[in-house]
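The values are calculated or read from the model by the stated rules, or taken from the named source; none is laboratory data. Everything numeric here is computed off the predicted structure, so don't read it as measured data. As a convention, Cβ positions derive from the backbone with ideal geometry for all residues, glycine included, and neighbour counts pool all protein chains shown.
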Amino acid sequence: MGNFTTVLSRWAHKILLPGLAVFLTFGLGMYSLEPVQAQQGIAPTVIPAGGCAIDGNLLSKTPTTPPFSSENGDFLPNDGATGSGGYVFTLAGVPVDTTAAFHIIDGYDAADSSIFTGGSKLNHNPNTWRWKPGKAPAKDDINNTLFFFSSDSVGNTWFVGSGDRKKTNGNTYLDFELLQNPLYKNSDSTFTSLGPDGGRTIGDLVISITYTNGGSNPQLFIYQWDSSAQGDFGYILVSPAAGTAFLATNNDSAIVVPYGAFGTNIYPVSAFTEVACNLNDLIPGSNSCLGIKTVIVKSKASQSINAALKDFTNPVQVDINSAPVVSVNSPTICFGDSVTLTATILSGTGPYSYLWSTGDTTQSIIVSPDTTTQYTVVVTGINGCPSSPIISTVTVIPLPICFISGPDTICPLGTGQFYGPDSLSSYAWTIFGAGTIQGDTSVQMVDVLGNGICDTTFTLTLVVTGEGGCSSTCSMTVYMVDTVNPVITDVPDSLFLQCASGVPVASPDSITVTDNCVGSLAVTVTDSITNDTVCPNQFTLIRTWTATDTCGNIATATQIITVFDSIPPVLYGVPADTGVCCGDSIPPPAVVTAIDSCDGSVPVVLTEVVSDSTSPFYFTLTRTWTASDTCGNTVSDSQVIEVNDSLYGAYFVNINSPEGDMIKYFEVTPNPFNSSTNIQFSLYRDAYVSVELYNYTGVKLKSIYNGNVPAETNIALHLSPDASMGTGMYLLVLRTNHGIETRRIILTK
């Protein structure tokens, strides 16, 4: 009969015309719908401790008559009783866990704030319901409802609810509707349901308690929202398995209401009812794994699903899941990194099974995506209910671009500057090999000092950190080489010297050497001499400087020094010319020395030559001193000594010739003289005449006149003494080709 009425009700609601549906509903009233085989008992929930006793009263630890004991829990504590039974609400009706337990208080009588309008029915789309302020019939008036969700040891979700009614006369119908999507009461007397299937969601539940003839023996009916092949929706009666639903009322006595109801602290007989249902075992299949978002408690006019709705409590938004509630970390990683994704169970009962979109079946997996990637995991609890796919987004941050800018070669002891990319969070430099980073290694630019020898290397490594702390590493090998020759400057100019002694000493410091690289410079100097003669002061010297840097690069520079001695020695001590009266008055040769600029003192050779000799008392003696240096440069100087006895003869000597007298007159006036004297002479014949002044030793001091003199011509001369002439006697000598004529003159100062 139960199966027949279920199918018939479903068929009538979905297929027949409204009038026929009313008829069938009336017809169903003539048959007894089969209620759920529910009775008193202990719902095996984990909370409260000891399970929840569905016994028709509110207090834990009582009654103790089987199947109940003091170890069973209930809605409220029973502090005066012994036993370990737990509770869900305080005596004031306040939930201990506000996420899973709820106490809803609705006004009653004239204080009721809202009731359904007459056209609102259970099986209608909730979006068509309407409400209004008003007073519900006493048998339909609700004041308190307490309900909570818990689980049993195998993870099944249990709903445990209680409700009251003001009056116990007549038939009363109290529903707990559990919706999988939100339902809201609006201020404009409407409702808004987010259920996608005709205002509800397939699988939504109605737990309906029927009180008939006062309600001492309530019955339980459970409906689940379903659809027909034609796409219409409606509540279908279901029959859960035995032991999955419990129902009780206080049908044998009044009970205490610590939190108060309908203005008193006592529930009269049959005014309070408790119900418990295993939501996961109501029906097999996926519809047993419900996630409840809204609970609304309401009363209706009759048992029919098309009966008019009466009183209701405001919809309560909850978050209850039969499936495990799971969270998965959504990390951010750097490109190339791996990360562990872990499904964290927030609520539910295990053991759990896991299924990732990667095919893995462990609670945690390790992934290494190259780009931002989503992964999903479905977690199934011990009750067989799978969670919805939980998404984990692994955000992959690209690695910062790493590069090193700088020279790929530096001098062995040189410094190079190296740069990393701009505008990154951090820089970390390290070096390996023959180099040292100067200063801070955590900046964008570093100086590196090479400390190796030629043809060695160092490797510079940079770690840069960018967005999200992601790092990249790059390296650069730098070679220490030098192929540039040193540069030699300030090379001395070529020299032309007289003497070898003037050649400067060869010294490396005579030049300036620079190099492109820091380091020691070896400088050597060598001389190469070319000498084609035996003369030590005539040769060519090529002086070569050689500079070598630490890498063996060489530079050379040369200086040419020419030594050529062309200066003869200098004679010292050669006496002046002189005259004597006779040969035995000739002085001995003077001691003459010679000094050469290169050779120093050199030998002096004396030669004497007699010339113009007409008698033993009349001749010229020429003494010549000659000196030569080692290069053949020669110097000579002579002294002429005139031997002439006639220089000191008579005061006036006529010069005779075969033709007769030669001198007409030869006069000096004044004589003696002081400042000057006048000389006059004349000849009888034409002749070449010289007039010369001698001192008393016969040394010629000066020539006063030389030239041809015509006969009978008067020659007037003027003589003034110079500074070298002192007081004394001097000789004026007039010579012709026929002889000489002298005059003694005296100078007084």
Q) Which is touching a Cys at 6+ places or on another chain (Cβ under 7 Å) and touching a residue at least 12 places away in the same chain (Cβ under 8 Å), of A241, A254, A248, A276? A) A276
Q. Which one is modelled with the lowest pLDDT, of the residues in the range 269-303 that are assigned to a loop (DSSP other than H, G, I, E, B) and more than 30 Å from T117 (Cβ to Cβ)?
A. G285
Q: Inspect the range 517-528 for any residue being surrounded by fewer than 17 Cβ atoms within 10 Å (Cβ to Cβ) and within 25 Å of I567 (Cβ to Cβ) and give the result as yes or no.
A: yes
Q: Take the residues in the range 213-248 that are under 21 Å from N123 (Cβ atoms) and among the β-branched types (V, I, T), then tell me which one is surrounded by the fewest Cβ atoms within 10 Å (Cβ to Cβ).
A: V238
Q: Give the residues of the range 451-490 that are under 30 Å from Q559 (Cα atoms) and hydrophobic (A, V, I, L, M, F, W, C), sorted by residue number.
A: V484, V487, I488
Q. Name the residues in the range 91-149 that are surrounded by 15 or more Cβ atoms within 10 Å (Cβ to Cβ), of a type in the set (D, E) and farther than 29 Å from P48 by Cβ, would you?
A. D112, D140
Q. In the range 282-290, is there at least one residue being buried (at least 24 other Cβ atoms within 10 Å of the Cβ), of a type outside the set (S, T, Y), assigned by TED's automatic domain parsing to the domain that holds V238 and farther than 26 Å from G56 by Cβ?
A. yes
Q. Within the range 483-490, is there a residue that is among the hydrophobic types (A, V, I, L, M, F, W, C), in contact with a strand residue (DSSP E or B) (Cβ under 7 Å, 6 or more places away or on another chain) and either under 28 Å from L399 (Cα atoms) or in a loop (DSSP other than H, G, I, E, B) (or both)?
A. no
Q) When both residues are 6+ apart or on different chains and their Cβ atoms are under 8 Å apart, which pairs have a first residue that lies in the range 328-357 and is farther than 30 Å from P398 by Cα, and a second that is aromatic (F, W, Y)? A) I345/Y352
Q: For residues that are touching a residue at least 60 places away in the same chain (Cβ under 8 Å), surrounded by 14 or more Cβ atoms within 10 Å (Cβ to Cβ) and not hydroxyl-bearing (S, T, Y), tally how many sit in the range 372-399.
A: 12
Q.
Can you tell me which condition S501 does not meet? The list is (1) under 52 Å from the mean Cα position of the chain (by Cα); (2) of a type outside the set (F, W, Y); (3) farther than 25 Å from T556 by Cβ, and all the others hold.
A. (1)
Q.
Residues that are hydroxyl-bearing (S, T, Y): list the strands (runs of 3 or more DSSP E) wholly contained in the range 493-554 that include at least 3 such residues.
A. 522-530, 538-548
Q | Unique residue being touching a residue at least 60 places away in the same chain (Cβ under 8 Å) and in contact with a His (Cβ under 8 Å, 6 or more places away or on another chain) when the list is N127, N123 | A | N123
Q: Working carefully through the options S113, S70, find the one that is at pLDDT 95 or above, not acidic (D, E) and either not assigned by TED's automatic domain parsing to the domain that holds K293 or not in a helix (DSSP H, G or I) (or both).
A: S70
(Q) What pairs come out if I take residues in the range 725-743 that are not assigned by TED's automatic domain parsing to the domain that holds V699 and pair them with residues that are at pLDDT below 85 and buried (at least 16 other Cβ atoms within 10 Å of the Cβ) whose C-beta lies under 9 Å away, six or more apart or interchain? (A) none
(Q) Condition (residue is within 60 Å of the chain's Cα centre (by Cα) and part of a loop (DSSP other than H, G, I, E, B)) applied to the range 236-248: is it met by at least one residue? (A) no
Q) What's the number of the condition T620 fails, among (1) touching a Lys or Arg at 6+ places or on another chain (Cβ under 7 Å); (2) assigned to a strand (DSSP E or B); (3) not aliphatic (A, V, I, L, M)? A) (1)
Q: Give the residues of the range 304-332 that are of a type outside the set (V, I, T), in a strand (DSSP E or B) and buried (at least 19 other Cβ atoms within 10 Å of the Cβ), sorted by residue number.
A: L309, K310, D311, F312, N321
Q) For the range 358-371, how many residues meet the condition of being β-branched (V, I, T) and touching a residue at least 24 places away in the same chain (Cβ under 8 Å)? A) 4
